[in-house]
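Asker: Take this structure first; my questions come after.
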Amino acid sequence: MTPSTFAGLATGIGSWPGTDISEAAAVVVGEFAELPHLVELPARGLGADMIGRTGAIMVDVELDVRTSGYRVVPRPMIAGRRAADFLAEDLDVLEELWEVSGLRGSGRTVKVQAAGPFTMAAQVELRHGHRALTDRGALRHFAESLGEGLRLHCAELAHRLGADVVVQLDEPSLAAVLAGSLTGITGLDSVRAVPQPDVLDLLDSLIETIDLPVAVHCCDGDVPFDLLRRSRAAAVAVDATALRRSDFDGVGELLQSGKTLMLGLIPSEDPVRPPHWRELAEPGVTLIDRLGFDRSVLASLISVTPTCGLAGSTLEWARRATGLARDVAAAFGDSPDSL
């Protein structure tokens with residue numbers, strides 16, 4: 001597999017509304033035919049959110065919940081056990097659906113998602129209550145734990161499904177980690193920025209451990225395009241509606257390097273007025289035109305996603321959003337010059 005694993009298709013970011021994993025998995029596998037994903041249902045509560053789920057994937061790290069959020073604990077507690085149970089259930093449901101649908105050996109690829117090491121270290125506290133990010137040793141341990149956990153997780157899923165697996169690392173805190181804009185226990189307790197070379201080293205080491213194609217998803221502003229271009233990541237996923245003119249050079253260099261840009265073009269929450277796929281495609285086409293690329297890039301280096309996870313939408317819109325993503329990706333592949 002190459003970086004093009006992510007390109008020229010429609011896929012989801014990860015989360016889905018509701019609590020019915022069987023229904024959610026069936027929709028995602030049916031609608032995102034080229035790259036379905038292991039669905040996340042944060043509405044199920046404690047342990048089903050992004051941080052709790054990632055904690056269940058990590059090895060030699062146990063998490064529980066305190067009033068301030070997730071914290072490292074010395075042994076498995078209720079939050080960690082719930083997260084592990086949810087993850088096991090989701091794998092079982094997807095495996096059964098895969099078998100019933102006759103997809104084993106079909107050559108399809110499946111995507112799994114996890115919070116990246118910097119977001120985990122920014123959002124999880126150590127036992128003394130400080131963010132794990134304040135301890136460089138803890139940050140490295142988190143990255144190593146997550147890398148090994150994802151390697152095992154992906155191997156299990158590949159064995160269960162007889163499918164190739166790719167990984168998406170969700171890093172909503174990455175910009176704040178690089179900027180040093182996070183606060184500590186109090187507003188006066190600052191958290192030092194992590195230098196770009198250290199971020200790049202840890203990220204690349206993790207990707208090397210996983211040894212599979214990896215996309216890095218940054219849904220907030222200030223996406224570090226230059227850093228991600230230089231990384232081992234095969235793709236970068238962004239909210240297209242949040243891109244600024246100052247991002248254009250970074251986007252252009254990313255595409256010139258051959259990496260895939262996963263463009264979040266479909267609203268992740270119910271819009272006031274249901275949009276047509278053509279108006280949703282327009283920002284992607286405009287971006288490529290402004291950057292001076294041939295529109296064939298829309299098929300070779302672009303994929304289409306919702307702007308973020310769909311957990312905050314209605315079930316009706318989540319289903320509609322998947323169809324719109326497919327329609328836009330198909331238009332990018334079939335007739336980009338006519339858009």
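Asker: Scan region 78-121 for residues that are touching a strand residue (DSSP E or B) at 6+ places or on another chain (Cβ under 6 Å) and of a type in the set (Lys, Arg) and report the count.
Answerer: Number satisfying all stated conditions: 1.
Asker: Within region 295-308, does at least one residue satisfy the condition of being under 20 Å from Pro213 (Cα atoms) and open to solvent by 50 Å² or more (accessible area, probe 1.4 Å)?
Answerer: Taking every residue of region 295-308 in turn, at least one turns out to be under 20 Å from Pro213 (Cα atoms) and open to solvent by 50 Å² or more (accessible area, probe 1.4 Å).
Asker: Hey, does region 57-68 have a residue that's of a type in the set (Ser, Thr, Tyr) and under 29 Å from Val236 (Cα atoms)?
Answerer: No, region 57-68 contains no residue that is of a type in the set (Ser, Thr, Tyr) and under 29 Å from Val236 (Cα atoms).
Asker: Still on this structure, I have one more. Please work out if Gly116 is in contact with an Asp or Glu (Cβ under 8 Å, 6 or more places away or on another chain) and more than 18 Å from Ser22 (Cα to Cα).
Answerer: Yes.
Asker: Do any helices (runs of 4 or more DSSP H) entirely within region 268-334 hold 1 or more residues that are touching a strand residue (DSSP E or B) at 6+ places or on another chain (Cβ under 7 Å), under 15 Å from Thr241 (Cβ atoms) and of a type in the set (Asp, Glu), and if so, which?
Answerer: Hits in region 268-334: none.
Asker: Of all residues in region 134-150, how many are surrounded by fewer than 18 Cβ atoms within 10 Å (Cβ to Cβ) and either in contact with a Ser or Thr (Cβ under 7 Å, 6 or more places away or on another chain) or closer than 13 Å to Ile210 by Cα (or both)?
Answerer: The qualifying residues number 1.
Asker: Related question: Mind checking which residues of region 226-242 are touching a strand residue (DSSP E or B) at 6+ places or on another chain (Cβ under 9 Å) and in a helix (DSSP H, G or I)?
Answerer: Leu228, Arg229, Ala240, Thr241, Ala242
Asker: Would you mention how many residues in region 26-54 are open to solvent by less than 60 Å² (accessible area, probe 1.4 Å) and closer than 30 Å to Arg71 by Cα?
Answerer: Total meeting the criteria: 15.
Asker: Being in a loop (DSSP other than H, G, I, E, B), within 26 Å of Val110 (Cα to Cα) and of a type outside the set (D, E, K, R) is the filter here, so list the residues in region 197-223 that pass it.
Answerer: If the condition is that a residue be in a loop (DSSP other than H, G, I, E, B), within 26 Å of Val110 (Cα to Cα) and of a type outside the set (D, E, K, R), then Leu212, Pro213, Cys219, Val223 are the ones that fit.
Asker: So is Val194 open to solvent by less than 60 Å² (accessible area, probe 1.4 Å), part of a loop (DSSP other than H, G, I, E, B) and either on the phi > 0 side of the Ramachandran plot or in contact with a helix residue (DSSP H, G or I) (Cβ under 9 Å, 6 or more places away or on another chain) (or both) or not?
Answerer: The answer is yes for Val194.
Asker: I would also like to ask the following. Looking at region 309-339, which of its residues are open to solvent by less than 40 Å² (accessible area, probe 1.4 Å) and without any contact (Cβ under 8 Å) to a residue 60 or more places away in the chain?
Answerer: Trp317, Ala321, Leu324, Ala331, Pro336 - these are the residues of region 309-339 that are open to solvent by less than 40 Å² (accessible area, probe 1.4 Å) and without any contact (Cβ under 8 Å) to a residue 60 or more places away in the chain.
Conditions tested, residue by residue: (1) modelled with pLDDT of 95 or more; (2) under 24 Å from Ala48 (Cβ atoms); (3) among the small types (Gly, Ala, Ser).
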{"site": "Arg131", "(1), (2), (3)": "no, yes, no"}
{"site": "His141", "(1), (2), (3)": "yes, no, no"}
{"site": "Leu157", "(1), (2), (3)": "yes, yes, no"}
{"site": "Leu161", "(1), (2), (3)": "yes, yes, no"}
{"site": "Asp189", "(1), (2), (3)": "no, no, no"}
{"site": "Pro195", "(1), (2), (3)": "yes, no, no"}
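Asker: Could you please find all residues in region 214-239 being open to solvent by 20 Å² or more (accessible area, probe 1.4 Å) and in contact (Cβ under 8 Å) with a residue 60 or more places away in the chain?
Answerer: Cys219, Asp239, listed by residue number.
Asker: Scan region 243-267 for residues that are within 24 Å of Phe118 (Cα to Cα) and in contact (Cβ under 8 Å) with a residue 60 or more places away in the chain and jot them down.
Answerer: Lys259, Thr260, Met262, Gly264
The values are calculated or read from the model by the stated rules, or taken from the named source; none is laboratory data. Quick caveat: nothing in here was measured; it's all calculated off a predicted structure. Positions of Cβ are backbone-derived with ideal geometry, glycine not excepted, and every protein chain shown enters the neighbour counts. All accessible areas refer to the heavy atoms of the entire protein, side chains included, with ligands and DNA or RNA removed. Shrake-Rupley method; radii C 1.70, N 1.55, O 1.52, S 1.80 Å.
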